[in-house]
Amino acid sequence: MSRLPPQPGERIDRQSVLRFTFDGKPVEAFEGDTIGSALFAAGRRTFSRSFKYHRRRGLLCCAGQCPNCIVAVDGAPGVRACVEPVKEGMRVEHLNAQPGLELDVMRATDLVGTRFTPPGFYYKTFIRPRRLWPLYEKVLRHAAGLGVLRKEQADREWRTEYRRRHADVLVVGGGIAGVAAAKQAAAQGADVVLVDEGQVEPVPGVEALGRATALGYFDGMVPVWQGDTLHQIRAPAHVFATGAIEQPLVFAGNDLPGVMLSGGALRLLERYAVSPGTRAVVVSTNDRGLEAAARLHDAGVTIAAVADLRASATEATRALQTRGIAVLQNHTIVAAEGGKQVTRATLGGVEGGNGAAVGGNRAAGAGGNGAGAAAGAEVSFECDLVVVSGGFAPATSLLSQAGARTAYDEARGHFVLADLPPNVFAAGEVAGHADPDAAARSGERAGRQAAGGSPEDAADQPIEQAPTAVPPPVAGQTHGKCFACLCEDVTAKDIKLSIDEGYDSIELSKRYTTVTMGPCQGRMCQLASIRLMAQETGQSLQTVGTTTARPPYISVPMGALAGRPFQPAKRSAIHDRHRELGANIKWAGDWRRAYDYGDPQQEALAVHEAAGLIDVSTLGKLLVRGSEAGEFLDRLYPNRFSDLKPGRIRYGVISSDAGRIVDDGTICRIDEDTYYVTTTSSGAGAVEEWFSWWLADWQMDVRLTDFTQGLAAVNLAGPKAREILGALTDLDCSAEAFKYLDAKHATVAGVPCLILRIGFVGEVGYEIHFAAAHGEHVWDALMQAGREHGIRPFGLEPQRILRLQKMHILVGQDTDSESTPFSAAMPWIVKLDKDADFIGRWALEHYAQEEPAARLVGFTLGDGYVPTEGAVIIDALGAPAGQVTSARFSPVLDRVIGMAWVPAPLARDGATVAISDQGRTVSAHIQTRPFYDPEGEVLRS
Amino acid sequence: MSLAFLSPVAADDVAIARSPMERMAKAAGAEFEVRDGWNVAVRYAGETAERTVAWADVSHLRKWEVEGQGGEFGVARREGDAWVCPLTSDRALVIGGAEPSPTALDVTCNYAALTILGPQARETIARFCALDLRPQHAPPHSFRPGSIARQPGMLVVEAEDRFLLLFGWATAEYMWTVVADAATPLGGRPAGIETIETIEATEDTDA
């Protein structure tokens, strides 16, 4: 046990004992402990196995930054033990080690397989034979990764709350600067939200979100992940007081358990009263590392040695010396050794100080990246703790996403903020104000400005801290692995190899080696990898630059980003009737539609033999009103509508500027100034936008109202349709009184309806449109009235059979972005003699004068085979020459029919084409006229 | 030809107009009454005046699109029992009340509607809608067209803790599901229109 006597400010409650298990073994903790602190106090030093080499990893940062302590809690992988509070009874398990954490067979990768597993080895090694890739993939996925998902679906599901929050100011970071900013902004009257990864003390007038991480910056919206809630916070001004992140050093054995950042060691000590070790070697580039040594010494840890990369002593040095601790100036660590944990550290002298290469024969890089040669004797110390501090890099990720630029600071050895976009402010250490008083002042200033106030005072210049040495890219070197990236097990050697193989920019190297792509998201490794890149390429760090900081800032369950599991489906007002009738309901665009009611063939036959009823409420429905409504439609369609008589209907095809078909439908003139336009179901939204867009441009006296959802519509079709409709309305439904393409207003079953006599399915048909609130009533009435006539409901699938028999096209299925009315066998729709200009006219005039390369035609097949939609039409040489767009078996025709694009010379009755489909070739006969009722006699009857 | 087919007003009493959320309400225990030709959820079993948040189906409210009645965008005017919500400088959506003019276009069934009310109403809406409804930015009588649960919609701030949501008729089942999902963890439950009527009557008395 390494629990210490009570420490000032400790966060544990020693009176409250909690129990949990780790890999099935009981562990005791105090209330306030993290999983990491409790396990460490219980003697555990190995917390995980590394991603690739399966090396032991122990606590490093104790701040949720690094990947070393990731475990599974109650089956959920990806939990950082060092920041996850212990809860009574929780079940904690290690990840990525078989059969156990102490003995992991995949460690062989490290011991004997290193030379076979350089970066990208999987791209090179497992590409042949290709058929074995699924096996390789399975093995690799098993070997790598950070845990497995829960096996049972029920266990994978949890509830995430999504909360949208608007604020005047969002402050990210709850340290001295962040709190000062939040207070100041609130004092200015702003609505302020403050978020921090740790606990946040309440701030009056501020909504403080503790244990909440800002995941990214998306044009002013910052998602904040807090437990089971994802806050989406939108604010016009942001203050980022995100602090700085302590950097590890790169040396041989720098990943051994027992190698710990100074901040991590202090957090264990001060928050949880856990001694991070008994005998420590402290290695630092700055005063904070030395201060940690003093604090550890005061807590009873033996300080075996302290190495300071800097040449000169500081106050912190003298503070150690007063404790009887010698500090080796111009020294750093060159290697750590050990088995289960570190047992020895070797320090080496530095030539030139303040950023020189050390302890070996590696030549230094250029561009302020340390200069100097090998120098100094090496000296080793036994220890069970190596405390390192490689400086503090400003946590600029979120600021970079917000548009801030960074530049390399030679003196400090890291990237600092160069400029900020409007309404984005930085405060505290991220802005260079590490001193508490300066941090508070910078916070107040940022808060005031963010709330719309004036700065009032000049910004502090970043206070000159005690000098910080710039560590070498790698210290020591020739033996042992020196990890630049602990998440992905990327060594200094790997970075060099990537450069040798041509990946000589930091972004390319990142993609090849995956450095910075692990759970720490570059917080621990970006600077190290940049230094290595600079050294190996001879570039300055400014030239090398940084990798792109991408969200999310921390690992987040995919489920948290997915949103609540609801699909915004549209349902017609008659939808529940279809459910009750046992309809096979599927997606059709964003609608849920009845595809069939169990037997599409019989449903299609019922339309021919008696009557069928289909819900077509999904059709787009636009009311176009105004004195210029007719002219407006004349401009939008290639044919005429201004001469359409009230009470009559005309088919229309909408073409694009390029003369291509984009939608179709019917247009009914209700009165002199009012038209009712229907569109395809899938095209409704686009057509409404298209109309609105042109209306805004043309500024005509036209009003457009979309009734797509407000009106239900059904199509009653079949030889008995007239009788059925007649039973429910006073309207004279005779063929003479109610002609094909007539539109009439009447009540049906007591409901006011617009009735369009049209025939998409090829039989006498009435499309009945009425207010959606009466959807079920009208449906029920028609079904009731039709019962004695053998009416059947029919779905989308039989409708497709029926329309195919008539060769009525489905835009988007039978046409594509190249289809024109001429190639789609509808030249009659284009009225080039129209006086008015219309959209696509120029292009259509062009198409009218040339033979299209391919034409849309019908075809029949004799052997009962139904080709796949998309099957290839092949020419005499076997080359692709077209494609099948639709094909069905027609029960009334007792043969397979379809439509296809074929070379124009073959688009004639009697021609034959070959269809290649799924390994077979069949011969089809071309037909250019409808398969059913080609003269339209039935339709018009 | 008439445009009466746009309207849910039937020619006889047999044709009862129904909300697209009627089944959801029924499943939640609603009791219905026919009012003005609509089958309306008037109350729910066990409904009490104490509530954190409640939602009520008010799709039966008549809605009209009127020309020549614009106004300040983002602000709804209360005229009698109706909300007049400017869509453009010369076009408004009128919600509730009597037919505003003979030339008004009946768009009742274009929009289903829910009233969300109670102390947690704003918090409930924040679970599925990104509109800024902070009191200082959306005081009573604010009108906010925008995305509601990823669907086009409109919102009227009827009172400090009462919001009227309008959305596409065809998306109503989805919207009920979303609202119920957001409100239930906050202690919410559906309410009948008697609840709304009681509150409005109290407001009228207070006024």
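Points worth noting:
- Interface residues, region B:10-41 - accessible area loss of 10 Å² or more versus chain alone, probe 1.4 Å: B:Ala10, B:Ala11, B:Asp12, B:Val14, B:Ala15, B:Ile16, B:Ala17, B:Arg18, B:Arg23
- Comparing A:Pro257, A:Gly36, A:Val148 along the charge dipole axis of chain A, the residue lying farthest to the positive side is A:Pro257, per the Cβ-charge model.
- Within region A:548-622, the proportion of C-alpha pairs whose separation exceeds 14 Å stands at 72%.
- Kirkwood hydrodynamic radius of region B:62-196, Cα pairs, Å: 15.1
- At most 14 other Cβ within 10 Å, DSSP loop - trypsin sites (Lys or Arg not before Pro), region A:836-910: A:Arg908
- Residues of region B:162-179 whose accessible area (probe 1.4 Å, heavy atoms of protein chains only) drops by at least 10 Å² once all protein chains are present, relative to their chain alone: B:Gly168, B:Trp169, B:Ala170, B:Thr171, B:Glu173, B:Tyr174, B:Thr177, B:Val178.
- Accessible surface of region B:104-207 [probe 1.4 Å, protein heavy atoms]: carbon and sulfur percent: 54
- Taken over region A:631-743, the alpha-carbon convex hull comes to 130 cubic angstrom per residue.
- Inter-label distance, nm, simple model (7 Å from Cα along the C-beta direction), A:Trp828/B:Ala49: 7.1
- In a DSSP loop and with at most 13 other Cβ atoms within 10 Å, the GluC sites (Glu not before Pro) in region A:55-163 are A:Glu88, A:Glu102, A:Glu152, A:Glu157.
- Peptide packing for A:924-932, A:529-537, B:193-201 was compared via the average number of neighbouring C-beta atoms within 10 Å per residue; ordered from the highest value, the list is A:529-537, A:924-932, B:193-201.
- Rolling a 1.4 angstrom probe over the protein heavy atoms with all chains in place gives chain A an accessible area of 39 Å² per residue.
- Here region A:13-123 is treated as an ellipsoid with the same Cα gyration tensor; its semi-axes, largest first and in whole Å, are 29, 13, 11.
- Rounded to the nearest 0.05, the FRET efficiency derived from the C-beta distance between B:Ala180 and A:Asp419 at R0 = 56 Å is 0.70.
- Summed over both chains, the accessible area lost when B and A associate is about 4300 Å², using a 1.4 Å probe.
- Each label point was placed 7 Å from the Cα along the Cα-to-Cβ direction; for A:Ala836 and A:Lys87 their separation is 6.6 nm.
- Calculated FRET efficiency, A:Trp693 to A:Arg511, Cβ-Cβ distance, R0 = 35 Å: about 0.30 to the nearest 0.05.
- Peptide packing: for A:60-72, B:114-126, the average count of neighbouring Cβ atoms within 10 Å per residue gives the ranking A:60-72, B:114-126, highest mean first.
- Residues of region A:916-932 with an amide N closer than 12 Å to a point placed 7 Å from the Cα of A:Arg895 along the Cα-to-Cβ direction: A:924-928, A:931-932.
- Take the Cβ atoms of A:Glu157 and B:Arg150, set R0 to 25 Å, and the FRET efficiency comes out at 0.75.
- Scattering profile of region A:58-197 at q = 0.14, 0.17 Å⁻¹ [log10 I(q)/I(0), Debye over alpha-carbon scatterers]: -0.93, -1.10
- Theoretical ellipticity at 222 nm over chain B - DSSP helices of four or more residues, -39500 (n - 2.57) apiece, nearest 500: -5500 deg cm²/dmol
- Among beta bridges that DSSP assigns inside the protein assembly as shown, antiparallel share in %, nearest 5: 75
- Extension gain (nm, one decimal) between A:Leu877 and A:Glu315, 0.36 nm per residue minus Cα-Cα: 193.5 nm
- Sparsely packed loop sites in region A:606-705 (the chymotrypsin sites (Phe, Trp or Tyr not before Pro) outside DSSP H, G, I, E and B with at most 14 other Cβ atoms within 10 Å) do not occur.
- Cα centroid separation, region A:148-215 to region A:588-612 (Å): 53
- Extension gain (nm, one decimal) between A:Leu561 and A:Asp74, 0.36 nm per residue minus Cα-Cα: 173.2 nm
- In this structure, the residue pairs whose Cα-Cα separation is over 26 Å, taken from A:Lys52/A:Lys138; A:Lys586/A:Lys720; A:Lys570/B:Lys26; A:Lys124/A:Lys510; A:Lys621/B:Lys63; A:Lys87/A:Lys510, are A:Lys586/A:Lys720; A:Lys87/A:Lys510.
- Only DSSP H runs of four or more residues enter the estimate; each adds -39500 (n - 2.57), and after division by the residues of chain A the mean residue ellipticity at 222 nm equals -6000 deg cm²/dmol.
- All-pairs alpha carbon distance profile, chain A, 10 Å steps from 0, percent: 2, 10, 15, 16, 12, 11, 12, 11, 7, 2, 0, 0
- Portion, in percent, of the accessible area of chain A that falls on carbon or sulfur, probe 1.4 Å: 51
- Packing around the peptides A:172-179, A:512-519, A:388-395, B:13-20, taken as the average count of other Cβ atoms within 10 Å per residue, puts them in this order, highest first: A:172-179, A:388-395, A:512-519, B:13-20.
- Pairwise label distance in nanometres, A:Val379 with A:Met700, each label 7 Å out on the Cα-Cβ vector: 9.2
- Occluded residues from region A:674-722, i.e. those whose accessible area drops by 50 Å² or more once the chain is not alone (1.4 Å probe): A:Arg703, A:Phe707, A:Gln709
The values are calculated or read from the model by the stated rules, or taken from the named source; none is laboratory data. Here the structure is a predicted model, which is why all the values come from computation and not from measurement. Every residue, glycine among them, receives a Cβ derived from its backbone with ideal geometry; neighbour counts consider all protein chains shown. Each accessible area value is taken on the protein alone, full model and side chains, heavy atoms only, with ligands, DNA and RNA left out. Shrake-Rupley method; radii C 1.70, N 1.55, O 1.52, S 1.80 Å.
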